[in-house]
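The values are calculated or read from the model by the stated rules, or taken from the named source; none is laboratory data. From a predicted model like this one, the values you see are computed outputs, not experimental measurements. Don't worry about glycine lacking a Cβ; one is built from the backbone with ideal geometry, like all the others, and counts go over all protein chains shown. Ligands, DNA and RNA are stripped out before the accessible areas are found, and what is left, the full protein with its side chains, is counted by its heavy atoms. Shrake-Rupley method; radii C 1.70, N 1.55, O 1.52, S 1.80 Å.
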Amino acid sequence: MDLFDKLKELHEQGLEEIKKATDEQTLNKVRVELVGRKGELTKILHSMRDVAPENRREVGQKVNELRDLFNKQLDATKAEIVKAVLVKKLEDEKIDVTLPGCEGHLGSKHPINVILDDLESYFIGMGYKVVQGPEIETDHYCFEMMNLPKDHPARDMQATFYIDSEDLLRTQTSGDQARVLEKHDFSKSPLKMVGPGKVYRRDDDDATHSHQFMQMEGLVVDKNVTMSDLKGTLEMIAKHVFGQDRATRLRPSYFPFTEPSVEMDVSCFNCDGKGCPICKYTGWIEVLGAGMVHPNVLENAGIDSTVYGGFAFGLGLDRFAILKYGIDDIRDFYTNDVRFLKQFRKEEN
Ligand code: PHE
C-alpha cells in the first residue's frame, strides 16, 4: 500500500479510536498506539527510506500534521472524560435536603444514678471518700468480719446467692466497711467513707422488692465519735434528699454490726405526716438503717475499740428514688423502658 493511503487510513482510524475511548485508561492506550515512541506514526517515519526522495518532505509534513491533530484530539477527549467523571461524582454525591432527617436520640441518666451522683458529691463535700467493693463478695467480708458468724440467725434472711461455699453475690454493701477498716491508717486521718453499689437478696420480686438493688454504705470512725454525730449526719442527708422541711425520727432497731442500732424515718412528703397510702397512714416513711459501729467489727479489723469508735449507715438508693420521685414499682428501674427513663431527664444537672 502506498504510504499516502496508509496515512489516510491511519488518520481515519486514529480519530475513530480516540472517539471510542470513554475512560482515561483506554485513551492512554490509544495515545501510545498512535503517537508513542513505538506507535504507528513513528513506524511510518522509520519506513521513510522506502519513500521516493521527492516525496519525503510531503510525507514528513503529513506525519507531523497528523501527530498534531492526534495530540489535539487526545487532549480534548481527555478533558471531556475528566469532566464527565467529575459530573458523575457530583451527581452521585448529591444530597437531597428535602428527605426526612434522622432524629438523634439523646440518652439521660438513670434515676438511680441521678440520686447516686448527687449523694456522692454531697458526701465528698463533707470530706468522705467513695469506695467500691466487689459485687462477688466473700462470706468472710460480707458476714464474718461484720459480726455475723456462720451460725448467726440474722444470716437467714440474707444468706442467698452463693457461688460456692465462700463466695456469694453480696447481700449488703457492709463488707466494704471491713475492707476499708483493715487498710486504713488511723495515725494519718480519721476514716469517712461511702460505698455505693449493687446488692442481691432472695426477695421475691414485687412492686417494692427486687432481687437486685442499690445500696450506699456509710462509715465514719475516729476518736470521740458520738451518736449525736450520727443523728446530725442522717438528718442532713434526709433533708438534702427529701427537702428541708422534712422531720426525721430514729427508732431502735437491730443490726449485728452496730450497737445500738437505729432505723430512720422521715415525715411523709406526700401528706406531711397526716397519713396517706404512701406512708401506710403512719405519717412516717422508713428510709435507712444505721448505728454505732459494734466493737467486734473494729476488733476484727485490728482496731482498738477502746480508743476508736464510729457510726455506720446503709441506705437503699432505689428506695430513695422511689420516695423522691413517687415511683410505684421498683421493677421500672430495671426494665429500662425509655418512656419511664425519659421522665427523669430534667433531674440531671
Ligand atoms: N447492711 C444493712 C442492710 O442491708 C444496713 C446497715 C448498714 C445498717 C450499716 C446499719 C449500718 O440492711
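Within region 255-300, count every residue that is under 17 Å from T226 (Cβ atoms), free of Cβ contacts under 8 Å to residues at least 60 places away in the same chain and over 36 Å from the mean Cα position of the chain (by Cα). Explain how you work it out, then say what you get.
Within region 255-300, the first condition is being under 17 Å from T226 (Cβ atoms), and the residues that meet it are 258-262, 264, 290-295, 298.
Keeping just the survivors that are free of Cβ contacts under 8 Å to residues at least 60 places away in the same chain gives 258-262, 264, 295.
This time we only want the ones that are over 36 Å from the mean Cα position of the chain (by Cα), so: 258-262, 295.
The total comes to 6.
Does region 249-284 hold any residues that are open to solvent by less than 40 Å² (accessible area, probe 1.4 Å) and more than 16 Å from the ligand (Cβ to nearest atom), and which are they?
Passing the criteria: V266, S267, C268, C271, G273, G275, C276, C279, G283.
Go through the residues of region 287-296 one by one and say whether even a single one is closer than 15 Å to L323 by Cα and either open to solvent by less than 70 Å² (accessible area, probe 1.4 Å) or not assigned by TED's automatic domain parsing to the domain that holds K239 (or both). Even if it seems obvious, please write down each step before you answer.
Keep residues of region 287-296 that are closer than 15 Å to L323 by Cα, which gives 287-288.
Going one step further and asking which of them are either open to solvent by less than 70 Å² (accessible area, probe 1.4 Å) or not assigned by TED's automatic domain parsing to the domain that holds K239 (or both), we end up with 287-288.
Taking every residue of region 287-296 in turn, at least one turns out to be closer than 15 Å to L323 by Cα and either open to solvent by less than 70 Å² (accessible area, probe 1.4 Å) or not assigned by TED's automatic domain parsing to the domain that holds K239 (or both).
Taking only region 311-330 into account, find how many residues are away from the ligand (no atom under 16 Å from the Cβ) and at pLDDT 90 or above.
Residues in region 311-330 being away from the ligand (no atom under 16 Å from the Cβ) and at pLDDT 90 or above: 1 in total.
Can you tell me which condition D204 does not meet? The list is (1) part of a loop (DSSP other than H, G, I, E, B); (2) in contact (Cβ under 8 Å) with a residue 40 or more places away in the chain, and all the others hold.
The failed condition is (2).
Scanning for something open to solvent by 20 Å² or more (accessible area, probe 1.4 Å) and within 10 Å of the ligand (Cβ to nearest atom), does region 299-307 turn up at least one residue?
Checked region 299-307: no residue is open to solvent by 20 Å² or more (accessible area, probe 1.4 Å) and within 10 Å of the ligand (Cβ to nearest atom).
Report whether or not D156 is surrounded by fewer than 17 Cβ atoms within 10 Å (Cβ to Cβ), closer than 29 Å to G326 by Cα and within 16 Å of the ligand (Cβ to nearest atom).
Working: surrounded by fewer than 17 Cβ atoms within 10 Å (Cβ to Cβ): yes; closer than 29 Å to G326 by Cα: no; within 16 Å of the ligand (Cβ to nearest atom): yes.
Here the answer is no, as D156 does not meet what is asked.
Take region 84-125 and flag every residue that is under 19 Å from the mean Cα position of the chain (by Cα), among the hydrophobic types (A, V, I, L, M, F, W, C) and at pLDDT 90 or above.
I112, V114, I115, L116
Going residue by residue through region 79-92, is there one that turns out to be more than 16 Å from the ligand (Cβ to nearest atom), assigned to a helix (DSSP H, G or I), under 30 Å from D23 (Cα atoms) and open to solvent by less than 50 Å² (accessible area, probe 1.4 Å)?
Pass one, region 79-92, residues more than 16 Å from the ligand (Cβ to nearest atom): 79-92.
Restricting the remaining residues to those that are assigned to a helix (DSSP H, G or I) gives 79-92.
From what is left, the residues that are under 30 Å from D23 (Cα atoms) are 79-92.
Applying the additional criterion that residues be open to solvent by less than 50 Å² (accessible area, probe 1.4 Å) yields 81.
Within region 79-92, one or more residues are more than 16 Å from the ligand (Cβ to nearest atom), assigned to a helix (DSSP H, G or I), under 30 Å from D23 (Cα atoms) and open to solvent by less than 50 Å² (accessible area, probe 1.4 Å).
Pull up region 206-219, narrow it to residues that are surrounded by 13 or more Cβ atoms within 10 Å (Cβ to Cβ) and away from the ligand (no atom under 11 Å from the Cβ), then point me to the one that is modelled with the highest pLDDT.
Taking region 206-219 first, the residues surrounded by 13 or more Cβ atoms within 10 Å (Cβ to Cβ) are 208-219.
Filter once more, keeping what is away from the ligand (no atom under 11 Å from the Cβ): 208-212, 214.
Numbers: T208: 77, H209: 81, S210: 87, H211: 89, Q212: 92, M214: 95.
The extreme case among them is M214.
What number goes with the only condition from (1) within 12 Å of the ligand (Cβ to nearest atom); (2) outside any strand (DSSP E or B); (3) open to solvent by 30 Å² or more (accessible area, probe 1.4 Å); (4) in contact (Cβ under 8 Å) with a residue 40 or more places away in the chain that T173 does not pass?
Going through the list (1) within 12 Å of the ligand (Cβ to nearest atom); (2) outside any strand (DSSP E or B); (3) open to solvent by 30 Å² or more (accessible area, probe 1.4 Å); (4) in contact (Cβ under 8 Å) with a residue 40 or more places away in the chain, T173 breaks only (3).
Across region 308-349, what is the number of residues that are under 27 Å from P256 (Cα atoms), open to solvent by 40 Å² or more (accessible area, probe 1.4 Å) and charged (D, E, K, R)?
1
Look through region 226-248, keep the residues that are crowded, with 18+ Cβ neighbours inside 10 Å and of a type outside the set (G, A, S), and return whichever of them is farthest from P190 (Cα to Cα).
The initial filter retains those residues of region 226-248 that are crowded, with 18+ Cβ neighbours inside 10 Å, namely 230, 233-234, 237-238, 241-242, 246, 248.
With the extra rule that they be of a type outside the set (G, A, S), the set shrinks to 230, 233-234, 237, 241-242, 246, 248.
On the way: L230: 15, T233: 16, L234: 19, I237: 20, V241: 26, F242: 29, R246: 30, T248: 27 Å.
Per the criteria, the residue is R246.
Conditions tested, residue by residue: (1) in contact with a helix residue (DSSP H, G or I) (Cβ under 6 Å, 6 or more places away or on another chain); (2) over 15 Å from L234 (Cα atoms); (3) aliphatic (A, V, I, L, M).
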| position | (1), (2), (3) |
| --- | --- |
| V307 | no, yes, yes |
| G314 | no, no, no |
| G326 | no, yes, no |
| N336 | no, yes, no |
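Please list, ordered by first then second residue, the pairs with beta carbon atoms under 7 Å, 6 or more apart or interchain, first in region 113-138 and open to solvent by 50 Å² or more (accessible area, probe 1.4 Å), second assigned to a loop (DSSP other than H, G, I, E, B).
Note: pairs meeting the criteria are E135/R170; I136/I163.
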